[in-house]
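Undergrad: One structure is given below, represented as structure tokens, and several questions about it will come after.
The values are calculated or read from the model by the stated rules, or taken from the named source; none is laboratory data. Being a predicted model, the structure only gives us computed values, none of them experimental. Note that we place each Cβ from the backbone using ideal geometry, even for glycine, and neighbour counts take in every protein chain shown.
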Amino acid sequence: MAEESIINTNQSVEEKKYTTLNLGPTHPATHGIFQNVLTVDGEIIINSEPTIGYIHRAFEKLAERRPFYQITPITDRLNYCSAPINNMGWHMTVEKLIGAEIPKRVDYMRVIIMELARISDHLICNAVIGVDTGALTGFVYLFQFRELIYEIYEEICGARLTTNIGRIGGFERDFNDKAWAKLHRFLKEYPEALKEFEKLVKRNRIFMDRTIGAGAISAERALAYSFSGPNLRATGVDYDVRVMNPYSSYEDFDFTIPVGLNGDTYDRFMVRQEEMWQSLSIIRQAIEKMPDGPHFSPNVPDFYLPPKEDVYNNMEALIYHFKIVMGETDVPKGEVYHCVEGGNGELGFYLISDGGRTPFRLHFRRPCFIYYQAYPEMIKGTNISDAILTMSSLNVIAGELDA
Amino acid sequence: MDKAIQDQIVGIISEKFESDVLSVEVPYGFLTINFAKEKIIDLIRYLYDHPVAKFRYLTTLCGIHYPDNKQIAVMYQLHNLVDNWRIRIKIFLPEDNPVTPTLTTIFAGANWMERETYDFFGVRFTGHPDLRRILNVEDMVIFPLRKDIPLEDQTREDKKDFMFGR
């Protein structure tokens, strides 16, 4: 920190000097690797200059060399707090391109996983807002349920953080009994913990004083900056991809889209909080209505790996297995855009296929990257502690920011 | 978005920019308009202000390199949040000198998207307030998403075949 101003001087106002403060690249309060060079007057932020790209991994270039099924693990690493949503967004993009019909059961299973992912994403974000305001207890309370969600993922796909869950065309296997048991345990225990967490912070005077009005943005500015997801809804715009362009049978479920009023930290917190309740309700509906049927689409043998016993005993299955693993399947030419409601907003996949084994071009619309550019405008004139709070309530995820 | 609405939008555009529409495609039901590069900002401004079209949300913006045609395309994807209409507009710039006006005059959010496009494809957006590299290092001299740039760094010595006894 370059302390340039001198306290107790009789310099006139014109000669006043500002302090330059490096917030990041590695700072515990930024929850990720990105830098902000702040120009501050005492504690008031005059200007800020964000620098990003510290963990840029060239995903768009990498994707141009990989067969379609090998791109799923890349998408894990975008928003790693809700990796399954990215995975399934990608699967659905490819399914759209190859024209696969997906059984209802797969859709419902996907909805369950995606809503669990949304809960784990919002849970971390809201718990961390609590931490940044000084309330560590809520974080510890909620975090054990993220662990439980990860255990559910583990039962389904074997991985926890970077899940690579599901396949193009469905799931590799149906949910097992342990997964169902854990899911039911989650549905039983989580609402109680969430209620307790809400009791702790929602109407807490200190929390409200700290967050109301902090880092506010108007609906007009938010739309000009192409905000999406909970951050846009906190300003009062009810745009949700799940309702606007339903995918994966979201039209079968009954849920509401919570919106805020002022677009400040408290509204963002409340929108996420309410979305977790809605997600719980969607999961319950999906379990209740869960149709019978296969856990994969039988009409895309070129993309969905055949069961192992068939590979060993069946000529055709072996051929398909070989073709898929070597990435030698033909794909139609075309351009598709598919978007899903990720943890942070509209996560889009713009895929151009030239008929080859890899995408010709794949562009990820990363909500984080797009709304983080409004950050300097949002924190201008506020103090540093509010800037920290604004950042954590925007839920900026370095993986999604830098691709 | 059904056919009638797409025709309506194409009608709205050709009302004013009859001769500038290069072609209209609908891949996978998504209205795509290939447009003359000179008037792209006028078109987006017109669609923004139009009382029916109301395309007031920039979903995304990205570059595409077509090495066969020696062209770099810039793709703009707009969204009408009121009626839920989406449209994709593409312009084609010459590979050796890709220059186009900035969209930041209409959408503040175009700032970083254009910086990203500059960073990866070298498209220069005239009038952009701060056109610098965003994700790559500042002293990089190539535009990495162009097709003529190989995935692996060719100057690396530690991945040569003799290292692996080949």
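Undergrad: Looking only at the stretch B:114-142, count how many residues are touching a helix residue (DSSP H, G or I) at 6+ places or on another chain (Cβ under 7 Å), surrounded by 18 or more Cβ atoms within 10 Å (Cβ to Cβ) and within 11 Å of chain A (Cβ to nearest Cβ).
TA: 2
Undergrad: Separate question: Name the pairs: first residue in the stretch A:296-325 and closer than 25 Å to A:Gly99 by Cβ, second residue assigned to a loop (DSSP other than H, G, I, E, B) and of a type in the set (Phe, Trp, Tyr), Cβ to Cβ under 7 Å, at least 6 apart or on different chains?
TA: Partner pairs satisfying both residue conditions: A:Phe296/A:Phe171; A:Phe296/A:Tyr304; A:Ser297/A:Tyr304; A:Ile324/A:Phe303.
Undergrad: May I ask you to say which residue of A:Asp310, A:Asp386, A:Asp302, A:Asp354 is within 13 Å of another protein chain (Cβ to nearest Cβ) and farther than 19 Å from B:Thr60 by Cα?
TA: On the way: A:Asp310 fails: within 13 Å of another protein chain (Cβ to nearest Cβ); A:Asp386 fails: within 13 Å of another protein chain (Cβ to nearest Cβ); A:Asp302 fails: within 13 Å of another protein chain (Cβ to nearest Cβ).
Result: A:Asp354 is the single residue among A:Asp310, A:Asp386, A:Asp302, A:Asp354 that is within 13 Å of another protein chain (Cβ to nearest Cβ) and farther than 19 Å from B:Thr60 by Cα.
Undergrad: Taking the stated definitions as given, is B:Ile64 more than 12 Å from chain A (Cβ to nearest Cβ), of a type outside the set (Phe, Trp, Tyr) and crowded, with 19+ Cβ neighbours inside 10 Å?
TA: On the way: more than 12 Å from chain A (Cβ to nearest Cβ): no; of a type outside the set (Phe, Trp, Tyr): yes; crowded, with 19+ Cβ neighbours inside 10 Å: yes.
It is false that B:Ile64 is more than 12 Å from chain A (Cβ to nearest Cβ), of a type outside the set (Phe, Trp, Tyr) and crowded, with 19+ Cβ neighbours inside 10 Å.
Undergrad: Consider A:Thr329 carefully, then state whether it is within 13 Å of chain B (Cβ to nearest Cβ), surrounded by fewer than 24 Cβ atoms within 10 Å (Cβ to Cβ) and at pLDDT below 90.
TA: Considered against the rule, which asks whether it is within 13 Å of chain B (Cβ to nearest Cβ), surrounded by fewer than 24 Cβ atoms within 10 Å (Cβ to Cβ) and at pLDDT below 90, A:Thr329 comes out as no.
Undergrad: Right, another one. Please tell me if A:Ile113 is under 30 Å from A:Arg66 (Cβ atoms), of a type in the set (A, V, I, L, M) and either surrounded by fewer than 24 Cβ atoms within 10 Å (Cβ to Cβ) or without any contact (Cβ under 8 Å) to a residue 60 or more places away in the chain (or both). Give the steps one after another, and end with the answer.
TA: On the way: under 30 Å from A:Arg66 (Cβ atoms): yes; of a type in the set (A, V, I, L, M): yes; either surrounded by fewer than 24 Cβ atoms within 10 Å (Cβ to Cβ) or without any contact (Cβ under 8 Å) to a residue 60 or more places away in the chain (or both): yes.
Yes, satisfied.
Undergrad: Quick one: would you say A:Arg272 is surrounded by fewer than 16 Cβ atoms within 10 Å (Cβ to Cβ) and within 30 Å of A:Phe227 (Cα to Cα)? Even if it seems obvious, please write down each step before you answer.
TA: Details: surrounded by fewer than 16 Cβ atoms within 10 Å (Cβ to Cβ): no; within 30 Å of A:Phe227 (Cα to Cα): yes.
So A:Arg272 fails the test.
Undergrad: I would also like to ask the following. Within the stretch B:130-158, how many residues are touching a residue at least 24 places away in the same chain (Cβ under 8 Å) and farther than 29 Å from A:Pro376 by Cα?
TA: 3
Undergrad: Moving on. Looking at B:Lys54, B:Lys70, which one is within 30 Å of A:Pro332 (Cα to Cα), touching a residue at least 12 places away in the same chain (Cβ under 8 Å) and not small (Gly, Ala, Ser)?
TA: Details: B:Lys54 fails: within 30 Å of A:Pro332 (Cα to Cα).
Of B:Lys54, B:Lys70, the one residue that is within 30 Å of A:Pro332 (Cα to Cα), touching a residue at least 12 places away in the same chain (Cβ under 8 Å) and not small (Gly, Ala, Ser) is B:Lys70.
Undergrad: Can I ask one more? Select from the stretch B:67-87 the residues that are within 11 Å of chain A (Cβ to nearest Cβ) and of a type in the set (D, E, K, R) and write down the one among them that is nearest to B:Val24 (Cα to Cα).
TA: By that ranking, first place goes to B:Arg86.
Undergrad: Now, a different point. Scan the stretch B:21-42 for residues that are more than 16 Å from B:Pro94 (Cα to Cα) and in a loop (DSSP other than H, G, I, E, B) and jot them down.
TA: Within the stretch B:21-42, B:Val26, B:Phe30, B:Leu31 qualify.
Undergrad: Turning to a different aspect of this structure: Just name the residue that is surrounded by the most Cβ atoms within 10 Å (Cβ to Cβ) out of those in the stretch A:358-387 that are β-branched (Val, Ile, Thr) and over 12 Å from A:Leu38 (Cα atoms).
TA: Of everything passing the filter in the stretch A:358-387, A:Ile370 is surrounded by the most Cβ atoms within 10 Å (Cβ to Cβ).
Undergrad: Run B:Asn97 past the list (1) away from chain A (no Cβ under 12 Å); (2) assigned to a loop (DSSP other than H, G, I, E, B); (3) in contact with a Leu (Cβ under 8 Å, 6 or more places away or on another chain) and report the number of the one that doesn't hold.
TA: If we test B:Asn97 against (1) away from chain A (no Cβ under 12 Å); (2) assigned to a loop (DSSP other than H, G, I, E, B); (3) in contact with a Leu (Cβ under 8 Å, 6 or more places away or on another chain), just (3) comes out false.
Undergrad: Another question about this same structure. Can you name the number of the only condition in (1) more than 25 Å from A:Ile85 (Cβ to Cβ); (2) in a helix (DSSP H, G or I); (3) not aromatic (Phe, Trp, Tyr) that A:Ala214 fails?
TA: (2)
Undergrad: So, of the residues in the stretch A:13-64 that are assigned to a loop (DSSP other than H, G, I, E, B), aromatic (Phe, Trp, Tyr) and within 14 Å of chain B (Cβ to nearest Cβ), which turns out to be nearest to A:Ser393 (Cα to Cα)?
TA: Let us first name the residues in the stretch A:13-64 that are assigned to a loop (DSSP other than H, G, I, E, B), namely A:16-18, A:24-25, A:31, A:34, A:42-43, A:52-58, A:64.
Those left that are additionally aromatic (Phe, Trp, Tyr): A:18, A:34, A:54.
Filter again for within 14 Å of chain B (Cβ to nearest Cβ), leaving A:34, A:54.
On the way: A:Phe34: 16, A:Tyr54: 21 Å.
The selected residue is A:Phe34.
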